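The values are calculated or read from the model by the stated rules, or taken from the named source; none is laboratory data. Just so it is clear, the structure is predicted and the values come from calculations on it, not from any experiment. Positions of Cβ are generated from backbone atoms using ideal geometry, with glycine treated the same way; all protein chains shown enter the neighbour counts. The accessibility values were calculated without ligands, DNA or RNA, using every heavy atom of the protein model including side chains. Shrake-Rupley method; radii C 1.70, N 1.55, O 1.52, S 1.80 Å.
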Amino acid sequence: MVSAQTPTIAKIKNSASETDARALLYIAICEVCDFFNVGKNMSDTQVALTVDLILESYWYMKLEEIKYCFQRAMRREKLFDRLDGNIILGWLKEYDAERTEAAIRLSDQEASQSRYELQSSPGAISYQAYIDRLWNLAYYADPEAIEKLCNMPDISKLPKALSIEEQHRKEFEFQLFKQQYNQSKK
């Protein structure tokens with residue numbers, strides 16, 4: 001659901017209209033209300049207020065995520081006496097926490113995959129090995145190597161304590177640059 005390419009509630013609100021976004025959420029909540037047979041169901045006013053709170057708090061979710069959350073609740077929740085906005089917002093809060101964890105896992109997997117692809121690239125070398133190679137070529141008067149060394153930032157002026165994420169990002173950018181450079185020489 002997190003990686004689906006469908007529009008968020010905010011995008012529906014901005015590209016279509018706020019009325020359309022409200023109507024879609026209203027219909028989704030009414031389906032939940034119709035599903036549960038409880039003594040104290042939601043009034044139209046309560047549904048409208050719940051729609052407002054969803055638009056305010058969960059604008060970044062996609063409509064299909066909200067529908068999924070509601071369908072999941074319909075499959076597993078047992079309501080005995082009441083259904084109200086507080087219960088529905090609780091479902092969304094729980095789903096949002098799970099959604100965040102899934103997004104973090106997905107992001108970590110993508111980062112690991114891209115690092116793995118770079119490390120397993122034929123001819124991939126570390127930044128320091130590349131600099132050493134440039135210095136060796138410059139020593140033998142290679143004009144391209146001299147130019148690259150002259151255009152590099154003074155490494156001694158870079159902050160000493162880079163975060164692991166920043167180190168990976170810099171290494172990734174360098175590896176991409178190096179691959180493009182090597183391909184342009186062929």
Average accessible area per residue (Å²) across the range 1-85 - probe 1.4 Å, nucleic acids and ligands excluded: 59
Given the Cα-Cα distance of Glu77 and Phe172 and 0.36 nm per residue of separation, how much length would full extension add, in nm? 29.6 nm
Test of understanding: what is the full-extension gain from Ile104 to Tyr139, defined as 0.36 nm times their sequence separation minus their Cα-Cα distance? 8.0 nm
Which of the peptides 59-69, 102-112 is most tightly packed, and how do the rest follow, going by the mean number of other Cβ atoms within 10 Å of each residue? 59-69, 102-112
Too long at a 27 Å Cα-Cα cut-off: which of Lys13/Lys67; Lys11/Lys93; Lys93/Lys170; Lys40/Lys62; Lys148/Lys170? Lys93/Lys170; Lys40/Lys62
HN-Hα couplings for the range 23-36 via Karplus (6.51, -1.76, 1.60; θ = phi - 60°), in whole Hz with x for Gly/Pro, come out as 4, 4, 5, 4, 4, 4, 5, 4, 4, 5, 4, 5, 5, 7
Tabulate in residue order the Karplus-calculated ³J(HN,Hα) for the range 93-110, using 6.51 cos²θ - 1.76 cosθ + 1.60 with θ = phi - 60°, rounded to whole Hz; enter x for Gly and Pro. 5, 5, 4, 4, 5, 5, 4, 4, 4, 5, 5, 5, 4, 4, 5, 4, 5, 5
Report in % the part of the accessible area of the range 24-102 that belongs to carbon and sulfur, leaving out ligands and nucleic acids; probe 1.4 Å. 53
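Please give the contour-minus-distance gain from Glu94 to Thr6: 0.36 nm per residue of separation, less the Cα-Cα distance, rounded to one decimal in nm. Don't jump to the answer; show the numbers that get you there.
Values: separation 88, 0.36 × 88 = 31.68 nm, distance 2.13 nm.
Residue separation times 0.36 nm, minus the Cα-Cα distance, leaves 29.5 nm.
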Distance in Å, no decimals, from the C-alpha centre of the range 81-106 to the one of the range 1-48 is 14
